[in-house]
Each structure stands twice: as C-alpha cells, then as structure tokens.
Amino acid sequence: MIIPSNALIQIADLEVGKHFYWEIFGYSLHGQVFLVSWLVIFLVIGASILGTSTITEVPRGLWQNTMEAVVEYVQNITKSQIGKDFKEWVPFIGSLFLFIFVSNWLGALVPWKLIHLPEGELAAPTNDINTTISLALLTSATYFYGGLKKKGFSYFGKYIQPTPILLPINILEDFTKPLSLSFRLFGNILADELTISVLTLLVPIIIPLPIMILGLFAGSIQALIFATLAAAYIGESVEGHH
Amino acid sequence: MTDSIVSAASVIAAGIAVGLAAIGPGIGQGNAAGQAVEGIARQPEVEDKIRGTLLLSLAFMEALTIYGLVVALSLIFANPFTS
C-alpha cells in the first residue's frame with residue numbers, strides 16, 4: 001500500500017505549513033500572522049494608552065496599576081541583566097516581552113478555530129518561524145547597535161577576547177544567538193499547539209485542559225526567557241571590560 | 001517507490017530525533033530539580049528565588065528537546081526530500 005507523503009496531515013487534520021497568502025508586490029505574505037500580530041499590537045498599545053491617559057502620582061484605577069506593575073517587572077528584568085545603564089533598553093525589552101507574551105496568550109486563549117479563513121488558520125503569531133526570526137534578528141541588530149554606540153570601533157575587540165584563537169567561535173556565536181532565540185520560541189509555541197490539537201483529536205473534552213494550562217504557563221515563561229536573553233545579550237555587549 | 005521509502009525513513013528519523021533529544025535534557029532537568037529540592041530543604045527561606053531560577057533553567061533545557069522536535073516536525077510536515 002502506498003501512502004502519499006502528506007497523508008499524515010490529512011489523518012491528523014493539523015494545519016502545519018498552510019498559510020493564508022497575501023500577494024503584495026510579488027512577495028507572498030502569511031496573512032494570518034499579520035492579522036493576529038496587528039490585533040496584538042493594537043491590544044498592547046490600547047492598554048498602554050488606557051494606563052497612561054489619566055495618570056496620577058498615586059496610581060489609581062485598574063489600568064494604571066496594572067501597567068505600572070508591568071513596567072516595574074520589565075525594568076527588573078532589564079536591570080538584572082544590563083546593570084546601571086538599563087534605562088535606555090527598557091522600551092525595547094518591554095516591547096519584546098509584551099508582544100511575545102500577548103501573542104502566546106492570545107494564541108492559547110482565543111478559540112481561533114471559530115473564525116474561518118480561505119486557507120490556513122489564525123493562531124499565535126509566534127508559531128510562525130518568520131515572526132520569531134525577525135524578533136531574534138532585531139535583538140541581534142540592537143546588541144550590535146548598543147555595543148558600537150558605547151565602545152565605538154573597539155567593540156570588535158571582543159572577538160579576540162580572551163585569545164585570538166577563539167575568533168571563529170566568537171563570530172559563530174553571533175549566528176547561534178538569533179538561531180537559538182528564534183527556534184526556542186517557535187518550537188515551544190508550535191509544540192504546545194500541536195500537542196493540544198493531537199490530544200483534542202483523540203479525546204475532545206477535559207483531557208486537553210491541563211495541557212492547555214501548561215501551554216499558558218510555557219507561553220509566559222518563553223516570553224520571560226526571550227526578554228531575559230535579549231537583555232543579557234545587550235548587557236554583554238555594552239558592559240565595559242576594562 | 002523511492003518517495004514512499006523517503007517518507008518511511010523521514011517518519012522513523014523524526015521519532016528517533018525526538019527520542020534522542022529527550023535523553024539529555026531529561027537527565028539535566030532531573031539533576032536541576034533534585035539540586036533545587038536539596039537547596040530548599042537546606043534553606044526554606046529562599047524558596048521563591050530558587051523556584052524562579054529553577055523554572056528559568058528548566059525552560060532552557062526544555063529548549064534542547066524542542067530543537068529535536070523542530071527537526072522532527074520539519075521532517076514530517078515540510079520534508080524537502082519528498083515531492
């Protein structure tokens with residue numbers, strides 16, 4: 001019996017690698033990712049505006065309290081990794097953290113299956129490798145910018161620290177950092193969604209619930225890890241050796 | 001014919017990839033959790049700090065298995081060797 005190579009997809013009814021394509025200027029874009037990321041951006045910006053519109057010295061009301069707690073949390077992450085000059089990097093780390101966190105939770109909490117697209121389905125933007133790679137490359141660009149701004153051209157001196165023999169490994173590190181950042185986030189989120197869909201396929205009710213809660217937990221931990229690592233990389237490149 | 005052989009090999013490879021990738025992190029996570037419990041038993045007052053660090057490092061180890069899973073998933077769903 002010959003099974004066609006994509007039979008597994010039909011058996012499991014999982015939609016991996018199917019996208020809702022938009023053709024713009026000859027490029028195909030993954031439309032479902034854009035739609036959900038816009039929703040995420042809208043939510044984050046909306047919460048920030050609500051939190052800061054009627055700002056008072058003593059925090060009042062739900063939104064200002066919540067957003068102040070979030071800002072303090074992000075400041076703590078940044079401070080613990082970068083040290084005394086952390087203020088400059090709080091917006092970047094905070095945006096990364098909030099975007100990833102809200103994406104992961106939206107992907108897990110909202111029943112996206114109810115909204116039908118012509119092809120593919122809506123899900124967390126972070127379960128598309130393009131999103132996570134772009135976030136990771138932004139992080140790379142930022143730590144290069146931070147290092148060059150702080151130390152000028154002597155930033156490249158770190159490549160021959162502690163000995164010039166380590167030069168290839170130090171260069172390789174610049175490639176493995178975004179690779180591991182993006183694969184970690186992408187793999188975790190996709191793995192959670194796949195586990196949930198496979199379990200739902202086998203037992204539709206109650207049994208997948210603990211895994212869904214685990215997915216929420218893993219989503220928040222992954223957002224924290226991504227933010228912490230980005231801050232650590234930035235801190236590593238702006239810290240003074242001498 | 002060759003296509004079905006490639007498919008079969010890919011499915012087996014996907015299984016092996018996840019299985020092998022789970023060994024190391026499994027040992028590592030066991031070690032880390034054991035040490036954390038020991039630390040909490042010795043100094044219960046720093047339990048919160050230990051728990052935070054433990055969760056963070058567990059997630060790092062988890063990522064290694066996830067790399068294996070990414071390989072497995074790309075072999076099954078996005079295999080470049082089958083038409």
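For the reader, a short list of remarks on this structure follows.
- Exactly one residue out of A:THR139, A:THR126, A:THR131, A:THR78 is under 19 Å from A:ILE196 (Cα atoms), among the hydroxyl-bearing types (Ser, Thr, Tyr) and in contact (Cβ under 8 Å) with a residue 60 or more places away in the chain, and it is A:THR126.
- The number of residues in segment A:150-165 being of a type outside the set (A, V, I, L, M, F, W, C) and either at pLDDT 90 or above or over 30 Å from the mean Cα position of the chain (by Cα) (or both) comes to 6.
- Residue in segment A:16-25 that is surrounded by the fewest Cβ atoms within 10 Å (Cβ to Cβ), counting only those that are without any contact (Cβ under 8 Å) to a residue 60 or more places away in the chain and under 23 Å from B:ALA78 (Cα atoms): A:GLU23
- Search result, residues across segment A:107-137 that are at pLDDT 90 or above, surrounded by 15 or more Cβ atoms within 10 Å (Cβ to Cβ) and among the aliphatic types (A, V, I, L, M): A:ILE133, A:LEU135, A:ALA136
Table: residues versus (1) more than 30 Å from B:PHE77 (Cβ to Cβ); (2) open to solvent by 70 Å² or more (accessible area, probe 1.4 Å).
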residue	(1), (2)
A:VAL58	yes, yes
A:MET67	yes, no
A:PHE86	yes, no
A:PRO91	yes, yes
A:PHE97	no, no
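- Just so you know, in segment B:63-79 the residues that are at pLDDT 85 or above and more than 7 Å from chain A (Cβ to nearest Cβ) include one that is most open to solvent (accessible area, probe 1.4 Å), and it is B:LEU64.
- B:LEU54 being modelled with pLDDT of 85 or more, within 11 Å of chain A (Cβ to nearest Cβ) and in a helix (DSSP H, G or I): no
- Scanning segment A:69-78 for residues that are over 11 Å from A:ILE93 (Cα atoms) and surrounded by 15 or more Cβ atoms within 10 Å (Cβ to Cβ) turns up just one, A:VAL70.
- Number of the condition not met by A:ARG184 [criteria: (1) surrounded by 17 or more Cβ atoms within 10 Å (Cβ to Cβ); (2) among the charged types (D, E, K, R); (3) more than 22 Å from B:LEU73 (Cβ to Cβ)]: (3)
- Residue in segment B:31-44 that is under 22 Å from A:PHE226 (Cβ atoms), open to solvent by less than 90 Å² (accessible area, probe 1.4 Å), touching a helix residue (DSSP H, G or I) at 6+ places or on another chain (Cβ under 9 Å) and away from chain A (no Cβ under 14 Å) present: yes
- Within the option set A:LEU214, A:LEU166, A:LEU201, A:LEU179, being away from chain B (no Cβ under 11 Å), touching a residue at least 40 places away in the same chain (Cβ under 8 Å) and open to solvent by 50 Å² or more (accessible area, probe 1.4 Å) holds for one residue only, A:LEU201.
The values are calculated or read from the model by the stated rules, or taken from the named source; none is laboratory data. Just so it is clear, the structure is predicted and the values come from calculations on it, not from any experiment. Neighbour counts run over all protein chains shown; Cβ positions are idealised from the backbone, glycine included. What goes into the accessible areas is simple: the full protein's heavy atoms, side chains included, and nothing from ligands, DNA or RNA. Shrake-Rupley method; radii C 1.70, N 1.55, O 1.52, S 1.80 Å.
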